Amino acid sequence: MAFHSYINISELHPSFSHPKVFGIVIAKTDVRSFPNRKNSEVERFTFGFTIRDSPDFFINVSAWGNQGYINSLADNFRIGDCVTVENPLVSSKDPEKDKFCPATPSHYRLLVVEPHSQVLLCTDTDTVDGLLPLMHLPAKDSVDFYSLGDIMANGQKLDGAVINILAAVKTISEPKQFTTSDGRRGQRMEVKLFDDSVSSFPLVCWDKESIQLLQTLIPREAVLFLADAKVSFDSFRGGMMATVNSRSVITVNPDSREASLLFSYAKQMSESGALDHDEADDPAVDSITDVYTVNQLKLKAKEQPDTFFGLTYSFISKLDLDSSVSKVIKTRCCKCKFQAAADMRSCSNQLCPGREQPFSGSTAFDLLVDVTDHTGTLQACSLRGAAAEQTLGCSTDEFIRLSDDQRTALKWKLLLERCKICLKILPSARRKSGIRTVILTCSLADPGEVKQHMSAVLQQL
């Protein structure tokens, strides 16, 4: 690309004739329509996007035209693409119009109209490589943000506020489509966020562009800086939530010290399995009624990226109760759920939010078991805490007092016996199987239930 033929965003001025600008798209809205003021029977279509060409400058662009032109233009690029904008109208910001757009350091805005203007994908490799790092620079000061703990602490005082948020992605749900009463189609997607102060916090997206961006992320492996997200009190949940709006700019894995620390924390929390046992969003066990074979669970996990729950009538095929007590019972930090250090008086997590405070730990069963039926085996299923106590029928203190022979006898009460097992299945990019499995409840199966289940399985064959 011949850089001398393009104008930097910082140098734009309304007096320029036929300007050419290039940049990377850091935000984009969905296409909307409005009645034409001159002819109410004709609709005008529009969408907006924001481009950045340097760490310090970015600008909003509005495109207007008929349905065909605008839809074709909007479909041509996405957030994260590099584009060139040719012959836009450079105008001063309009306080009324720009209050619905991302805040930018530029004094101007660009207007793209047919047939005078063009927006083209940038194909010059060197230019693209130079612009891509800008995607990781937040649109606001990287240290000017609320933690999720700050939001929860302020509660309804922040209801309706537009703020910056730094948080990690915990889960991403499937988008849900809907039709409004006046026939318009829409979509909604919910993302659960977390940080070192809050284990689960809802973020809701209503527009296609932000949904498409967030769908590309891997849960627990992405940190977001949300510039100008709206927070509000959700009376249905009885708590705070955040919403992406037309002013919001989402920066994935931002280039900042705070984001790097949170990324490391999220990675360690994910690897420790601590996030798998967060029960804040789990349904009541009694409400989980879908029954699967092991193979059906594996197939559904491949087809569905979301966490899901189910029952299986299977055997416990591996249960190492007669190994050393330290492999059966573990102490974890109450702050970050990491395993305690060898001295049992400190946390092994270097990024623990309570590292400077006196150590507080909780001791519980912490087992990995295999679950098997005639279709296959789920390996290394996590059986912890209260679920393990209910399954084994004893507390950790009682288990410690058992002799080796008594532990072996307890093991064989469950091993290779048909059990009714309630499971939580979570996606995991780090495991070869692609899933993590958490046992919520496990008990010896009622023969009548087993017979009914096996009849249903035979009918499916």
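The values are calculated or read from the model by the stated rules, or taken from the named source; none is laboratory data. Since we're looking at a predicted model, the values are computed, not measured. When we count neighbours, we look across all protein chains shown, and the Cβ atoms used for this are built from the backbone with ideal geometry, even at glycine. Remember, those area values only see protein heavy atoms, side chains included, never the ligands or the DNA or RNA. Shrake-Rupley method; radii C 1.70, N 1.55, O 1.52, S 1.80 Å.
Once the chain from Q390 to N36 is taken as fully extended at 0.36 nm per residue, the excess over their C-alpha distance is 120.8 nm. Using heavy atoms of the protein chains and a probe of 1.4 Å, the accessible area assigned to M240 is about 10 Å². Taking every protein chain into account, the 1.4 Å probe leaves S428 with about 10 Å² of accessible area, to the nearest ten. Remark: relative contact order (the chain) = 11 percent; criterion is Cα-Cα distance under 8 angstrom and separation of 6 or more residues. Taking every alpha-carbon pair under 8 Å whose residues sit at least 6 apart, the stretch 148-272 reaches a relative contact order of 29 percent. In the chain, the portion of solvent-accessible area held by carbon and sulfur atoms comes to 50 percent [1.4 Å probe, whole percent, DNA, RNA and ligands not counted]. Can you bin the stretch 357-445 into rounded, prolate or oblate? Criterion: square roots of the alpha carbon gyration tensor eigenvalues sorted a ≥ b ≥ c, rounded for a/c under 1.5, prolate for a/b above b/c, oblate for the rest. It is oblate, given that a/c is not under 1.5 and a/b is not larger than b/c.
For log10 I(q)/I(0) by the Debye sum over Cα atoms at q = 0.06, 0.08, 0.11, 0.13 Å⁻¹, computed directly from the structure shown, the correct entry in (i) -0.29, -0.53, -1.00, -1.37; (ii) -0.36, -0.61, -0.96, -1.18; (iii) -0.36, -0.63, -1.05, -1.26 is (ii). Residues in the stretch 185-197 carry Karplus couplings, in order, of 8, x, 9, 8, 9, 10, 10, 9, 9, 7, 8, 7, 10 Hz; the curve used is 6.51 cos²θ - 1.76 cosθ + 1.60 with θ = phi - 60°, and Gly or Pro positions show x.
Accessible surface for the chain, divided over its residues, is 51 Å² per residue with a 1.4 Å probe. Determine the shape class of the stretch 24-87: with a ≥ b ≥ c the square roots of the Cα gyration tensor eigenvalues, call it rounded for a/c under 1.5, and otherwise prolate if a/b is greater than b/c, oblate otherwise. Prolate, since a/c reaches 1.5 and a/b exceeds b/c. Reported value for the stretch 148-272: 113 Å³ per residue, from the convex hull of its C-alpha atoms. Assuming charge only on the beta carbon of Lys and Arg (+1) and of Asp and Glu (-1), the dipole of the stretch 55-185 about its Cα centre is about 520 debye to the nearest 20.
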